[in-house]
């Protein structure tokens, strides 16, 4: 936490890193180098213009309904009020793999960004991160819908169980218009409640996923 009460909840994005097994890492380079730019200015000014080539599912990212549904809201269609300064709460689920409805017992989820703390981010950028990770059950997803959550985040490889060929949690949450933030980190630094959460991607038409700088204000 910094002196303003800001807590960063995002992983660093670096050239060539792996976020999700089978997807390419980002390529980050100069489009316009400082040396190249100097010839265009007479006062000694130089500038760098960077370039990045990456898939949308890189680093800590947000899924909007369009990620799963062709007629769902894309990133440009998600109102800023669904992304920024959301009342947040943390559900502690360390040591669990299948996170079921009991993890949310007694919690008021309505209108909240519900962040599931599993501690799996300790494996980030290792082989262990890719398999055997914590995930939500289908029943937990339906509970989150019924209790009115507006965003659900997790510090794990995927909010779904990736050992099979279905993604029911994505289907249920995104179908209900609930945003998903995956590959989070540093959730241990958050209080259980009493913070504002933001995870805002660029306003891009025709895409349903993009990296975010997720953070909390306590």
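Of the numbered criteria (1) surrounded by 15 or more Cβ atoms within 10 Å (Cβ to Cβ); (2) more than 30 Å from residue 204 (Cβ to Cβ); (3) touching a residue at least 60 places away in the same chain (Cβ under 8 Å), the one residue 98 fails is (1). Modelled with pLDDT of 95 or more and within 16 Å of residue 94 (Cα to Cα): is that true of residue 119 in this structure? Spelling it out, residue 119 is indeed modelled with pLDDT of 95 or more and within 16 Å of residue 94 (Cα to Cα).
Test residue 28 against the criterion of being surrounded by 14 or more Cβ atoms within 10 Å (Cβ to Cβ) and part of a strand (DSSP E or B), and give yes or no. For residue 28, the condition - surrounded by 14 or more Cβ atoms within 10 Å (Cβ to Cβ) and part of a strand (DSSP E or B) - is met.
Among the numbered conditions (1) in a helix (DSSP H, G or I); (2) under 24 Å from residue 10 (Cα atoms), the only one that residue 133 does not meet is (1). Only residues that are at positive phi and either in contact with a strand residue (DSSP E or B) (Cβ under 9 Å, 6 or more places away or on another chain) or not in a loop (DSSP other than H, G, I, E, B) (or both) were counted across segment 188-209, and they come to 1. The lone criterion from (1) exposed (fewer than 15 other Cβ atoms within 10 Å of the Cβ); (2) part of a helix (DSSP H, G or I) left unmet by residue 141 is number (1). Here's a check for you: in segment 164-218, which residue that is under 10 Å from the mean Cα position of the chain (by Cα) and more than 26 Å from residue 2 (Cα to Cα) is surrounded by the fewest Cβ atoms within 10 Å (Cβ to Cβ)? Per the stated criteria, the residue is 209.
Just one of the listed residues (84, 76) is within 18 Å of residue 174 (Cβ to Cβ), within 19 Å of the chain's Cα centre (by Cα), exposed (fewer than 15 other Cβ atoms within 10 Å of the Cβ) and touching a residue at least 40 places away in the same chain (Cβ under 8 Å), and it is 76. Pairing each residue of segment 30-42 that is more than 21 Å from residue 53 (Cα to Cα) with any residue that is surrounded by 13 or more Cβ atoms within 10 Å (Cβ to Cβ), provided the two are 6+ apart or on different chains, yields C-beta distances under 6 Å for 37/46; 38/46. Take segment 100-123 and flag every residue that is closer than 17 Å to residue 180 by Cβ and either assigned to a helix (DSSP H, G or I) or in contact with a helix residue (DSSP H, G or I) (Cβ under 6 Å, 6 or more places away or on another chain) (or both). Hits for segment 100-123 are 103, 104, 115, 117, 120, 121.
The values are calculated or read from the model by the stated rules, or taken from the named source; none is laboratory data. Keep in mind it's a predicted model, so treat the numbers as computed, not measured. Cβ sites come from the backbone with ideal geometry, for glycine too, and all protein chains shown count toward neighbours.
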